[in-house]
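The values are calculated or read from the model by the stated rules, or taken from the named source; none is laboratory data. Remember, it's a predicted structure, so these values are computed and weren't measured experimentally. Counting neighbours? That spans all protein chains shown, and the Cβs are built from the backbone with ideal geometry, glycine included.
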Amino acid sequence: MKILLTGGAGYIGSHTAVELLAAGHDIVIGDNFSNSKKDVIDRIKQIAKRDFKLYEIDFADAKATDELFAKEDLDAVIHFAGYKAVGESCKMPIEYYRNNIDSTLNVLSSMRKYGVKNIVFSSSATVYGVPKQVPLKEDMPTSCTNPYGWTKYMNEQILRDTATAEPDFSVVLLRYFNPIGAHESGLIGENPNGVPNNLMPYIAKVATGELPKLNIFGNDYATKDGTGVRDYIHVVDLAKGHLKAIEYSCKNKGAEVFNLGTGVGYSVLDIVHAFEEANNVKVPYAIVDRRPGDVAECYSDASKAHKILGWTAEKNMVQMCRDSWNWQQNIKL
Ligand code: NAD
Ligand code: UDP
């Protein structure tokens with residue numbers, strides 16, 4: 001199949017590109033590099049030992065999106081492109097709604113115009129809002145606590161409505177839990193600008209000495225050790241989930257939603273200790289106040305993806321910690 005990866009130069013998109021190429025699919029990457037670097041493209045080619053076409057394009061631009069679809073005879077789209085920083089979304093809601101909603105609307109209308117029927121969308125566990133119970137199942141209530149989350153919530157609705165109106169369409173909504181780790185080659189991984197917001201990239205920078213210590217946001221949650229619990233998933237496992245989602249979309253019409261997580265919750269202290277042990281490094285930390293907006297526990301019931309997509313996360317926490325550290329040490333190359 002020939003698959004367009006919007007935002008394919010980003011963290012999850014680049015790993016998915018590698019898996020799709022390895023499985024024999026052809027890909028086209030479209031990215032405006034607002035949150036990624038151009039050298040990622042050559043790195044994907046280096047790992048996959050295959051070539052593909054790149055468009056430097058803003059999917060919030062309807063005309064440019066149409067032009068891409070006119071040039072490429074696409075079979076499917078995986079729509080990663082979007083802004084993703086929760087804190088920033090609270091400060092710049094208009095930019096977030098504009099970028100994340102417009103790009104989806106443009107991709108969908110180009111798909112309809114050029115007869116492309118299959119789309120896989122990057123949604124997020126954030127649509128579960130403040131969970132009333134865990135593990136989270138796909139049919140549990142959704143709600144959001146910040147503009148970024150609402151863009152995911154709204155995009156899910158837009159995609160569902162489109163699947164209803166266009167009976168030939170196949171829409172797969174993937175709700176990611178917390179992707180960490182990197183490709184084992186150390187050539188691609190997550191490289192956030194400035195001081196990281198997320199736990200794993202922060203820990204990796206503390207381990208290198210670039211940051212003095214990890215601030216643990218609260219140890220008085222109702223969890224096993226008081227620190228927040230999340231469902232961390234290796235990004236390569238997550239990438240493989242997209243392959244299964246594409247296969248599913250070829251055989252099924254309508255809209256379906258799947259959690260992509262491991263189903264296991266790890267606390268912040270679990271992660272600190274796992275990282276120290278896996279990599280034989282020290283991660284100094286201090287307990288500080290809770291971060292506003294954080295929930296105590298968020299982890300998936302991933303049985304639906306297992307049952308229907310035939311997908312299960314395979315990599316364990318040691319591999320996640322080792323690959324994150326390997327990538328961190330390669331970032332400056
Ligand atoms: P990322 O920022 O690394 O990748 C997104 C890519 O999209 C970047 O390369 C960026 O340059 C590009 N982009 C953004 N807006 C664009 C536009 N208008 N036109 C063209 N390119 C554009 O993020 P990621 O971690 O790889 O996440 C991919 C998707 O998964 C995002 O939609 C994100 O919201 C979602 N998601 C991520 C996580 C996570 O923890 N990383 C969790 C849940 C959901
Ligand atoms: N966290 C922390 N210190 C940090 C970053 C994160 O203690 O510097 C905690 C955070 O409170 C949460 C967990 O680590 O319990 C995961 O946070 P992250 O931002 O990576 O993911 P999210 O909160 O979006 O699930």
- Message: Take ALA222 and tell me if it is of a type in the set (A, V, I, L, M, F, W, C), within 16 Å of ligand 2 (Cβ to nearest atom) and surrounded by fewer than 20 Cβ atoms within 10 Å (Cβ to Cβ).
- Response: yes
- Just checking, which of VAL171, VAL206, VAL127 is away from ligand 2 (no atom under 16 Å from the Cβ), among the β-branched types (Val, Ile, Thr) and not in a loop (DSSP other than H, G, I, E, B)? VAL171
- Query: Within the range 175-182, can one find any residue that is in a strand (DSSP E or B), touching a Ser or Thr at 6+ places or on another chain (Cβ under 9 Å), away from ligand 2 (no atom under 16 Å from the Cβ) and at pLDDT 95 or above?
  - Reply: no
- With the checklist (1) surrounded by fewer than 20 Cβ atoms within 10 Å (Cβ to Cβ); (2) within 25 Å of ASN197 (Cα to Cα); (3) more than 16 Å from ligand 1 (Cβ to nearest atom); (4) not acidic (Asp, Glu) in hand, flag the one item ARG291 doesn't pass. (3)
- Item | Residues satisfying the stated conditions in the range 3-56, i.e. on the phi > 0 side of the Ramachandran plot and either of a type outside the set (Lys, Arg) or touching a residue at least 12 places away in the same chain (Cβ under 8 Å) (or both) | GLY7, GLY24, PHE33
- Message: So, in the range 36-79, how many residues would count as being touching a strand residue (DSSP E or B) at 6+ places or on another chain (Cβ under 6 Å), under 23 Å from ASN99 (Cβ atoms) and assigned to a loop (DSSP other than H, G, I, E, B)?
- Response: 4
- Query: Do the conditions hold for LEU238, that is, is it crowded, with 22+ Cβ neighbours inside 10 Å, part of a helix (DSSP H, G or I) and within 12 Å of ligand 1 (Cβ to nearest atom)?
  - Reply: yes
- Message: Checking the condition farther than 22 Å from SER124 by Cβ, aliphatic (A, V, I, L, M) and not in a helix (DSSP H, G or I), which residue from VAL283, VAL272 passes?
- Response: VAL283
